[in-house]
Each structure stands twice: as C-alpha cells, then as structure tokens.
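Below is one structure, written out as structure tokens, with a few remarks after it.
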Amino acid sequence: MQPRTEADATGLKNMQQLIQLRWIAVVGQVATIAVVHFGFSIRLPLGPMLGALGFLAIFNLVSLWRWDRHEDVTDLELFVALLADVGTLTVQLYLSGGVTNPFIFLFLLQVCLGAVLLGPVYSRTLIGVTVACFVGLILFHRPLEIPPENGRGLASPYIQGLLVCFALDAALLAIFIARINRNLRARDARLAGLRQRAAEEEHIVRMGLLATGAAHELGTPLATLAVILGDWQRMQPFAAEPELQQDIEEMQAQVARCKTIVSGILLSAGEARGEAPAHTTVNAFLDELVAEWRATRSLDALAYSNVFGDDVAIVSDSALKQTLYNVLDNALEASPRWIGLEAAREGEWLRLTVSDAGPGFAPEMLAHFGKPYQSSKGRPGGGLGLFLVVNVARTLGGSVSAHNRPEGGAAVTLRLALAALRLEETPRHGR
C-alpha cells in the first residue's frame, strides 16, 4: 500500500464527516416522516419516501465500504457525494409539498458544506444544481395536505417545521463545519511541517556538498603528510631521538584519524574512499563503535551498557556512526569526567541513550532542540551537530529527544527503526 499524502488524508476525513452526516439525515428523516404522518395527521406518500431513504442508506453503506478500501479522496468524489444528498433531498421535497415544505431550507446546508469542502468550480456547480432543484420544486411537486389551522403562530405545523429546520441547519453547520475546519487546520500544520523539513534537508544538502568538497581537497595534503612523516621516521637524525620518534608517531596517528574522518564524510555521501559498507550486527556495530571512539579520545570514564538482547543483522552505516560520534563528543565536551551510553531494544526499535553529568540543556535549547544554530557554546556555526543528528535519525525512520536528568546533567535519546538498518536477504536465482 502506498503511503497516504497529507491532502488525501484530509479528504478522507472530510468524506467520513459526510458519511456521518448522512446517517443523521436518514434517522432524522425517518423520525420527521413518522411525526408528520402519524402525529400531525398530514398524509404522506410513505412508500416512495421510504424508498428514497432506502437508496440513501444503501449509498452510505457503499460509501463506507469504498472509503474503507481506498484512501485518496478527490474533489470530484466529494462533489458526487454531495450531489447524492441534494438529489435525495429534492425527491423527498417533491413528494411532500415542494417549496411549501419548511424543510426546503436544508438546501443551504448542502451549499455551505460544498463551499467549505470543494474547490471554486465544484462549489459553484453545486450552487447551480441546488438553485435548479429549488426552481424545479416551485414548478413541479406533489401538494402537501396541511390542516386548516396552518398559519396560527407556533400552533401551525408549518411554523413548527420551519423552526425545526432552522435548528437543524444551525446545529449541523456549527458541528460539521467546525470539524471540517479542524481537519483543514491539521492539514495545513502538517504541510507547514513538511515545508520546514524540506528547508532543513536542503540546508543539509548544501552542507554535505561543502563537506564533500572539503574532504576531496584534504585527501591529497593528508596523503602527502603521511608520506613525509613516514620518511622522517626512517631518517637517521629522527631515528636516534626517542622523543622525536614519539612525536612523529603521534602526528601519524592524528593524520590517520583525519584520513578516517575524510573517508567517513565521503562514504556518507556515497563516495567511498576506503572499505564499502559491511554486513554486521547491532551488538558488533555498537561494540566496534565504542572501541574506536575510546581509542581516539583520552577518556576512560565512558560507561557503556548494551542490553539490546538477541542480535539482529544490519548493514554498517557510516552516517549513523558519525551521528553517534557527534552525540558522544557533545556529551564529552559538557562532561569530561563521565558520560554514559546505553543500548536497548524496544520492539522493532533500537534505543540509544547518551547521558552526561554536565550542566544540562537550557530551557530555550530544549524548546528548539535539533534546530540549526541553537547552541550554548557561543561560537559561529554552533548547534549544527545536533541538527545533523536529528536529521540523520529522521532519514533512518527514527527520532531524537533530549531532557535534563533529575540527578544532574543531560540525556539524548535516539530511537531508530530496525527495519531501516536491517540486513535484507538477497533473493537467490536459479532455483
């Protein structure tokens, strides 16, 4: 099944409102016919009128079946649904006095709903149809036998019917138009969120292009530095000095780390310089990530807890690895003496929680968590790390949240869908 678009979801909700309104119309017309025919002793053609109601009920059942199996609703389909309501109302009014029937003003209910639900062309067409039906009922209708006391204020059945019609119009318009407007506001809010997300992803693409270009440019000088340091290490003046040897080894380690970072950037952009993405498991991926992070940071106070449980085969994702590096580095900067990493499983989700013992997030940071350039570090470009973390997690079908811990410090939690990381079996051929 294809994912439903935001506009389609709103159309479906509006169609469901029309179906509910139609059931109310069926029940209300049955009650009205019974009261008028048996209560006021005004003779009505029960057979044809109940037949029209039967058609309306069957149409509603078919609508329920169709919109339970289909998700997208167009303006044309909403227009046809309203036409069915207008047509049934016209038949009922034709059988019960035409324009002399006080319920003639229920046409206004259909016109108002059309104006809210439909585009300009369909709403104008619906107005034309209702006006034509009104004029037709002036010319052609079955006379309604009203008792002679008609026209005596509230004692008149016509005035009573007019009062009921007004109350129905007002109540149904207030209830259903409010619901429809709520659906439309929810759609607008979702569309605004999608536009914001598109703008953020465009921002990420620009940053990715800059990072990829920088990585390409840095590759050559880093390779040159690695060659020079290797030559220095073998040269007699440096080989005879242990302290210089240690300095060269440290520089080689830092150059190797820079090359690893560059390779990670290019690998995330789909331009692998080194190894291709490898098949692994959740536990192996996390254990290797923690070991690599510890090896390149002078920190022994990382509390790593893995309670994921039964292992799951996944594809190693460099973007996810760099994302976790960013979160761990942020925690290390806030809390140099202790940080914690916990991995757990929640159904079909991988939950990763990074905790620290630092000052925590400011309230305004939590309110705008994951937005670009929201940082307490006070330096240009700050806040992009968490912005990238949020967007990478979102592309993997997950989410990121943050809170301040009661005992002090902060915690950042990543929830990632295992389906986005899981290793899919390659179909075998020739069997």
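Each reported figure results from applying straightforward, stated rules to the coordinates on display, with no laboratory input. Everything numeric here is computed off the predicted structure, so don't read it as measured data. Note: ideal-geometry Cβ built from the backbone for every residue, glycine included; neighbour counts use all protein chains shown.
Starting from 0.36 nm per residue, how many nanometres of slack lie between Arg142 and Arg297 once their C-alpha separation is accounted for?
Gain on stretching Arg142 to Arg297: 46.7 nm.
Using 0.36 nm per residue, how much length does the chain from Val307 to Ile228 gain when fully extended, once their Cα-Cα distance is taken away?
Full extension of this stretch gives 23.9 nm more.
Work out the charge dipole of the stretch 279-369 with +1 on the Cβ of Lys and Arg and -1 on the Cβ of Asp and Glu about the Cα centre, then indicate which of Asn283, Leu352, Trp338 is farthest towards its positive end.
Farthest along the dipole direction, towards plus: Trp338.
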